[in-house]
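> Supplied in structure tokens, the structure appears directly below.
The values are calculated or read from the model by the stated rules, or taken from the named source; none is laboratory data. The structure presented is a predicted model; accordingly, all values stated were derived computationally and were not measured. As a convention, Cβ positions derive from the backbone with ideal geometry for all residues, glycine included, and neighbour counts pool all protein chains shown. Surface accessibility is based on the protein's heavy atoms, side chains included, excluding ligands, DNA and RNA. Shrake-Rupley method; radii C 1.70, N 1.55, O 1.52, S 1.80 Å.
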Amino acid sequence: MTSAQIRQSFLDFFASQGHTIVPSSSLLPDSPGLLFTNAGMNQFVPIFLGDRAPDVSKWAGVRPSKDTRAADTQKCIRAGGKHNDLEDVGFDTYHHTLFEMLGNWSFGDYFKKESVNWGWELITKVWGVPAKRLFATVYSPDKSKGDPSEFDQEAYDIWAKIFTAAGLDPKIHIVHGNKKDNFWMMGDTGPCGPCSEIHFNLLPSDDEIEGRKGVNSSSPRCIEIWNHVFIQFNANADGTFSPLAAKHVDTGMGFERVAGIHAVSKGFTDFTAEPSNYEADVFAPLFARITALSGKTYARTVPTKREGLTEQEQTDVAFRVLADHARCVSCAVADGILPSNEGRNYVIRRILRRGILYGKKLGLPTGFFEQLVAPVVESLGSVFPELKERQEIVRRVIRGEEESFGRTLDRGLAIFTKAAAAGSVTGATAFELYDTYGFPLDMTQLLATERGLTVDAVEFERLMDEQRKRGQASTKKTIVVAATEGDAAVDLQPTTFLGYEQTHSSATLIDVITTDTDTFIVFDQTPFYAEMGGQTGDIGTALINGQLLTITDCVKDKAGRHLHKISAELNGQLPAVNSASTLSVDVVRRRAINRHHSAAHLIHWALRKILGTHVRQAGTSKTADRMRFDFSHFEAVTHAQLLEVEQLVNAKVIDNAKVESYETEFDQKPEGTLAFFGDKYGKFVRVVDIGGYSRELCGGTHVSTAGEIGLIKIVAEMAIAAGTRRIEAVAGQPAFDFVAHKEAALAAVSAHLGGGTSDVVKKLEALLAHQKETEKQLKIFQQRALAGLADELAAKATTRDGLNFVSAVVSVSDQEILRSLGSQVLAKVGEGVVQLGAALGEKASLVAFCSPAAIKAGHQAGKIIQGLSTAIGGKGGGKPDFAMGGGKDIAKLAEVLG
């Protein structure tokens, strides 16, 4: 069987058992707490938690069958965060950053008996794996270590019956495992249960006793190929376990692992060769391309250490790294995870740059990694169609990253080599490599390990922390320390926010906070929005005991209290705590902010529609005057694309869809709602839905209908970092003001051109054409004049020792003309020396030319200019035949050239 046939046979087998075959979910997970999709079960978590009824047959792109049964092949990334295999990739034959997980699931349908028996049938009957080489683990708690629950007798009995029927001894082929190996928990509380793993003896001999010894021993010759998790309990907060009303099955099998074993063992028949996932033919197109690019051959060697590798070991590590990393980066980018400097996006950048480094070890030039996309698409495109659909985007993203890192890689390696030669790599060196040359820390650590050195990671992190603090100090507002530090904040109650529905309310003053420079007042409830999520805080007034206070800002402390900053108009008279108050938000300003916030959502929607779903918000600012929207994208947005964005969003403004905001549980948010990794979402979240087409989790304030925005105009688009762009835009009155300013400027230009706005472009083009022709004629006259001046100067040449000398102050408009004049004079005098000077603005410029005969006689233009420049208070130099310089003392120009 080929790898593709193994994958398909798995899916077909479970389809025949009534499973709905679902497509792989994106590597960009729904849960903001995950870096990447890292397990097949991720997309089914809401069903396991009971937040969603089993409905998989109705999902998009499925091969439908029962709603309570599902199977798929899920692409997963384990790099960064809790699950991180990155550092091991290449140094063995079984670690990957990206892998496929084959799995089948039961949502309150079948349980242990069916799951285990079907697994055995697929492996032994369909695939032909020798039963004698298989071992099963069952959960057996170690009560001395406080392991939960009881021995999984049910699973044991099922396996005992299977092995007995196969003529095998269950006492040998069933291995007990503790909580670490055989009990799965989603968290400290919640769904959990025992698991049963199938292990495969890959020793040359099929001796059962020796095979059993390898189970759970981390031996590459006896590996787990399939884990069956039986979710049957709920872990309670008090440490007890309650049976679940509905019991579930969650299984996962490493696809590359099985495909590799099949390839190495010649169809599960010959186990003499060392096992390797990379023998699976899914890697073959990549290895072929790397061979063609590098001229080197993969020889399957595996190093036993990280330093002092042989040349062939280094080559083979590089082959495995490049094959793995090309698959990972290509699939991630196809799913909209673009390399950048934050979160999951930085992990992808690290992986790509690690790949580029290993390519350099094979002698591959900048630009090679992009050429690995095609073989990835060749091997995976049929099962993950987004790779085919977005192949060109993937190539362009990788190309840009390669070019960017390629500009600094060699310089960074030179700095590392110098540091390594001194015998250590300090944290300061690692930080410089990271901050200036783009070397991720783990890349520097890899280079150090190859030389038997270590990196001072503690110092590196200290310097990183200092940089972060500097960045925070330069960009963040000063929040009231007294209100946020220490344990006191634990007892403080968050302010009730009324501002979604009200802009005017009564409240009770509960605290007054003063700092060296500011005064803040706190109420039990408020309509004032506190700055958060890029939306600026509200301003307005507070009427307290007949005293009208101006509120100039509103921020939030760690306890969730809204701190209303008041202007310095109190003259030392602070309002009393517990005073009844009337709060009024500046409504005109708030509505202007609302327009810009809703406009940001529309622009985000339009960018994703036009540029692709890889576009993700990367920072934003919404004020009354304008909005800024930062987003992930790999190249400049063209003028035509910006125009299309503007047309799309304004069409939606005219359409005047209703803007709905409502709270829901995070796990029950509507499908397609945008949530962002790193944002802290509670159990309940606020959804902002514009017309059903733009739906985001957002705690800000918005217009009630899209038409309230009025008009949206994009003011600017720019790069702010590699892989991150910024759009600045205005909405509502600022947009009309922007257009009015543009129209006034256009009218002024039209008036100067003597035409109307309808033909201004035509008249301007005619004017520019006339200017170009005039400049062309002027240049001809200048050249003639210059030639005439050159004749005059050459005629005044003096002769000494067979050489002609010209030294003069001339009147020209720029340095380039001075240089051209000197060259022409030398051509006319023949062998000799020409030195000219000119006053250009407030400085003097000098040029000198020496012919070959003059140089041979000892004259050098560079030395001539050095002397002349020094004499007029400046500096200069150059080659023996030509040099330029200058100085500040124009008055001495005639003297030094006399």
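> Would you mind finding the one in F271, F319 that is within 27 Å of G452 (Cβ to Cβ), over 20 Å from the mean Cα position of the chain (by Cα) and at pLDDT 95 or above?
F319
> Mind listing just one residue for me: the one in region 793-819 that is β-branched (V, I, T) and in contact with a helix residue (DSSP H, G or I) (Cβ under 6 Å, 6 or more places away or on another chain) and, of those, surrounded by the most Cβ atoms within 10 Å (Cβ to Cβ)?
Out of the qualifying residues, it is V806.
> A further question follows. Among the residues of region 1-49 satisfying the criterion of being under 11 Å from Q74 (Cβ atoms) and small (G, A, S), which is surrounded by the most Cβ atoms within 10 Å (Cβ to Cβ)?
Ranking the candidates gives G40 first.
> Let me ask you something else. Restricting to region 414-446, count the residues that are under 28 Å from E311 (Cα atoms) and under 24 Å from the mean Cα position of the chain (by Cα). First the steps, then the outcome.
Of all residues in region 414-446, those under 28 Å from E311 (Cα atoms) come to 414-426, 429-430, 433-434, 437-446.
The next check asks that each one be under 24 Å from the mean Cα position of the chain (by Cα); those that pass are 430, 433-434, 437-446.
Looking only at that region, the number is 13.
> Can you find, within region 224-250, the residue that is farthest from the chain's Cα centre (by Cα) among those that are closer than 30 Å to T272 by Cα and open to solvent by less than 30 Å² (accessible area, probe 1.4 Å)?
Within region 224-250, the subset closer than 30 Å to T272 by Cα is 224-228.
Going one step further and asking which of them are open to solvent by less than 30 Å² (accessible area, probe 1.4 Å), we end up with 225-226, 228.
On the way: I225: 32, W226: 32, H228: 34 Å.
Top of the filtered list is H228.
> What do you reckon, is G359 closer than 25 Å to T454 by Cα and outside any loop (DSSP other than H, G, I, E, B)?
The answer is yes for G359.
> I'd like to check something: does region 647-654 contain any residue that is touching a Cys at 6+ places or on another chain (Cβ under 7 Å) and open to solvent by 30 Å² or more (accessible area, probe 1.4 Å)?
No; the residues of region 647-654 include none that is touching a Cys at 6+ places or on another chain (Cβ under 7 Å) and open to solvent by 30 Å² or more (accessible area, probe 1.4 Å).
> Just to be sure, is A766 small (G, A, S), touching a residue at least 40 places away in the same chain (Cβ under 8 Å) and either in a helix (DSSP H, G or I) or surrounded by fewer than 16 Cβ atoms within 10 Å (Cβ to Cβ) (or both)?
In short, no.
> Separate question: Taking the criterion of being part of a strand (DSSP E or B), open to solvent by less than 50 Å² (accessible area, probe 1.4 Å) and either under 16 Å from N117 (Cα atoms) or in contact with an Asp or Glu (Cβ under 8 Å, 6 or more places away or on another chain) (or both), would at least one residue in region 143-164 satisfy it?
no
> Name the pairs: first residue in region 397-422 and free of Cβ contacts under 8 Å to residues at least 12 places away in the same chain and over 15 Å from K360 (Cα atoms), second residue β-branched (V, I, T) and not in a helix (DSSP H, G or I), Cβ to Cβ under 8 Å, at least 6 apart or on different chains?
Correct list of pairs: A419/V425; A419/T426.
> Which of the residues that make up region 321-349 are open to solvent by less than 10 Å² (accessible area, probe 1.4 Å) and part of a loop (DSSP other than H, G, I, E, B)?
Correct list: G336, I337, L338, P339.
One line per residue, one yes/no per condition, for (1) in contact with a strand residue (DSSP E or B) (Cβ under 9 Å, 6 or more places away or on another chain); (2) modelled with pLDDT under 90; (3) more than 29 Å from S3 (Cα to Cα):
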site	(1), (2), (3)
K361	no, no, yes
G367	no, no, yes
E370	no, no, no
E378	no, no, no
F384	yes, no, no
L387	no, no, no
G400	no, yes, yes
A421	no, yes, yes
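> Do we have G822 as outside any helix (DSSP H, G or I), open to solvent by less than 30 Å² (accessible area, probe 1.4 Å) and in contact with a strand residue (DSSP E or B) (Cβ under 6 Å, 6 or more places away or on another chain) here?
no
> Output the residues belonging to region 281-314 that are in contact with a helix residue (DSSP H, G or I) (Cβ under 8 Å, 6 or more places away or on another chain), farther than 20 Å from L203 by Cβ and aliphatic (A, V, I, L, M).
Within region 281-314, V282, A284, L286, A288, I290, L293, A299, L309 qualify.
> Please list, ordered by residue number, the helices (runs of 4 or more DSSP H) wholly in region 167-278 having 3 or more residues that are touching a His at 6+ places or on another chain (Cβ under 9 Å).
It comes to 208-213.
> Quick check on region 94-114. Is at least one of its residues of a type in the set (K, R), at pLDDT below 95 and either open to solvent by less than 10 Å² (accessible area, probe 1.4 Å) or under 28 Å from the mean Cα position of the chain (by Cα) (or both)?
Looking through region 94-114, none of the residues is of a type in the set (K, R), at pLDDT below 95 and either open to solvent by less than 10 Å² (accessible area, probe 1.4 Å) or under 28 Å from the mean Cα position of the chain (by Cα) (or both).
> Here is a check on your reading of the model: is R257 open to solvent by 30 Å² or more (accessible area, probe 1.4 Å), touching a residue at least 60 places away in the same chain (Cβ under 8 Å) and basic (K, R)?
yes
> Take region 717-729 and flag every residue that is surrounded by fewer than 16 Cβ atoms within 10 Å (Cβ to Cβ) and modelled with pLDDT under 90.
A719, I720, A721
> Sticking with this structure for a sec: Please verify whether region 799-807 includes one or more residues that are farther than 30 Å from T436 by Cβ and under 44 Å from the mean Cα position of the chain (by Cα).
Among the residues of region 799-807, not one is farther than 30 Å from T436 by Cβ and under 44 Å from the mean Cα position of the chain (by Cα), which makes the answer no.
> Hey, any hits in region 206-226 for a residue that's in contact with a helix residue (DSSP H, G or I) (Cβ under 8 Å, 6 or more places away or on another chain) and over 30 Å from K179 (Cβ atoms)? Spell out how you get there, then give the answer.
At the first step, the residues of region 206-226 found to be in contact with a helix residue (DSSP H, G or I) (Cβ under 8 Å, 6 or more places away or on another chain) are 206, 208-209, 211-212, 216, 222-223, 225-226.
Those left that are additionally over 30 Å from K179 (Cβ atoms): 206.
Looking for residues that are in contact with a helix residue (DSSP H, G or I) (Cβ under 8 Å, 6 or more places away or on another chain) and over 30 Å from K179 (Cβ atoms), one finds at least one in region 206-226, hence yes.
> Restricting to region 520-560, and then to whatever is crowded, with 19+ Cβ neighbours inside 10 Å and β-branched (V, I, T), can you tell me which residue is farthest from T620 (Cα to Cα)?
Selected residue: I544.
> Condition test on K875, is it touching a Ser or Thr at 6+ places or on another chain (Cβ under 7 Å) and free of Cβ contacts under 8 Å to residues at least 24 places away in the same chain?
So K875 passes the test.
> Here are some residues: G732, G755, G832. Which one is under 30 Å from A624 (Cα atoms), in contact with a helix residue (DSSP H, G or I) (Cβ under 7 Å, 6 or more places away or on another chain) and open to solvent by less than 60 Å² (accessible area, probe 1.4 Å)?
Selected residue: G732, the only one of G732, G755, G832 that is under 30 Å from A624 (Cα atoms), in contact with a helix residue (DSSP H, G or I) (Cβ under 7 Å, 6 or more places away or on another chain) and open to solvent by less than 60 Å² (accessible area, probe 1.4 Å).
> Let me ask something else about it. Run F805 past the list (1) in a helix (DSSP H, G or I); (2) touching a Gly at 6+ places or on another chain (Cβ under 7 Å) and report the number of the one that doesn't hold.
So F805 meets the others, but not (1).
> Are there any pairs, at least 6 apart or on different chains, whose C-beta atoms fall under 8 Å, with the first in region 304-324 and more than 15 Å from L286 (Cβ to Cβ) and the second assigned to a loop (DSSP other than H, G, I, E, B) and modelled with pLDDT under 90, and if so, which?
E307/R451; E307/G452; G308/G452
> May I pose another question? Suppose we filter region 655-666 for residues that are in contact with a helix residue (DSSP H, G or I) (Cβ under 8 Å, 6 or more places away or on another chain), charged (D, E, K, R) and open to solvent by less than 70 Å² (accessible area, probe 1.4 Å); how many remain?
The number of residues fulfilling the criteria is 0.
> Follow-up question, since we're still on this one. Would you list the strands (runs of 3 or more DSSP E) that sit entirely within region 572-644 and hold 2 or more residues that are farther than 24 Å from Y693 by Cβ? Don't jump to the end; show me each part of the working.
On the way: elements: 580-585, 617-622, 627-632.
Answer list for region 572-644: 580-585.
> Separate question: Considering region 291-318 alone, what residues qualify as being assigned to a helix (DSSP H, G or I) and among the aliphatic types (A, V, I, L, M)?
A292, L293, V317, A318
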